[in-house]
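*Asks:* Let me begin by handing over the structure; questions about it come next.
The values are calculated or read from the model by the stated rules, or taken from the named source; none is laboratory data. Note that this is a predicted model, so its numbers are computed, not measured. Quick reminder, even Gly has a Cβ in these numbers, built from the backbone with ideal geometry, and neighbours come from all protein chains shown. Please note that ligands, DNA and RNA were not included when accessible areas were found on the heavy atoms of the full protein model with its side chains. Shrake-Rupley method; radii C 1.70, N 1.55, O 1.52, S 1.80 Å.
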Amino acid sequence: DLIDGIAALDRMEASLAAYKAELIDQARRWSEVTEQSLGGSDGGWNAEVRARRVIASELACALRIPERSAESLIADSAALVDLPQTFGALSAGTISWRHARAIVDHARSLPTESWGAFETTVVPLAQTLTVAKFDRRARTVRDDVEHAHRLRVRRSRPRGFDAEGARRGRGCGCPRPH
């Protein structure tokens, strides 16, 4: 059936996108190691900046895209590799590159320690929703995860009250400063 063939091709494209992202991230890491080994400073740029500029320029030329697009692709690829459930779903072809990019975009606004909880919730949604519907749901999940993280941070701070003397022998419960 033609539709089944198109769907199979779509899964292959997603799998290839994951492989491309993995190769781009490997190239980024290779560039960083290479520039670190060269040492020195070139025009005031440190090794990290040189590595980022070199790989972006080379990738832009190889893919015939603007350098800014190459920089975005490098950043997205690095984040995607750090999101194992998302990378696995993209590799398996169960989500599209656009779904993966939406997950990456939302995850970047969260602390890295919250990425796992976020992924666990949104990857199954990405497998069943259109990108537009998924993006709205992912935003809600991101907000919930972010709120839960803030509560954990707030609750981990020491809290309490100090009793201070007031006029005429009356006490005053004052919150401790943080």
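Residue-wise test of (1) without any contact (Cβ under 8 Å) to a residue 40 or more places away in the chain; (2) among the polar types (S, T, N, Q).
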| residue | (1), (2) |
| --- | --- |
| Asp1 | yes, no |
| Ile6 | yes, no |
| Glu13 | no, no |
| Ala18 | no, no |
| Ile24 | no, no |
| Thr34 | yes, yes |
| Gly39 | yes, no |
| Trp45 | yes, no |
| Val49 | yes, no |
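*Asks:* List the pairs whose first member sits in the stretch 79-106 and is on the phi > 0 side of the Ramachandran plot, whose second member is hydrophobic (A, V, I, L, M, F, W, C) and open to solvent by 30 Å² or more (accessible area, probe 1.4 Å), and whose Cβ atoms are under 7 Å apart, counting only residues at least 6 apart or on separate chains?
*Replies:* Filtered contacts from the stretch 79-106: Gly93/Met12.
Each row is one residue, and each column tells you yes or no for (1) among the charged types (D, E, K, R); (2) within 21 Å of the chain's Cα centre (by Cα); (3) closer than 24 Å to Thr86 by Cα.
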position	(1), (2), (3)
Ala18	no, yes, yes
Ala21	no, yes, yes
Gln26	no, yes, yes
Trp30	no, yes, yes
Gly39	no, no, no
Ala51	no, yes, no
Glu58	yes, no, no
Ala62	no, no, no
Glu67	yes, yes, no
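*Asks:* Before we move on, is Glu146 over 12 Å from Leu83 (Cβ atoms), in contact with a Leu (Cβ under 7 Å, 6 or more places away or on another chain), at pLDDT below 95 and acidic (Asp, Glu)?
*Replies:* Here the answer is yes, as Glu146 does meet what is asked.
*Asks:* Being surrounded by 20 or more Cβ atoms within 10 Å (Cβ to Cβ) and at pLDDT below 95 narrows it down to one residue among Ser31, Ser41; which is it?
*Replies:* Ser31
*Asks:* In addition: Kindly check whether there is at least one residue in the stretch 71-89 that is over 8 Å from the mean Cα position of the chain (by Cα), closer than 16 Å to Val122 by Cβ and of a type in the set (A, V, I, L, M).
*Replies:* yes
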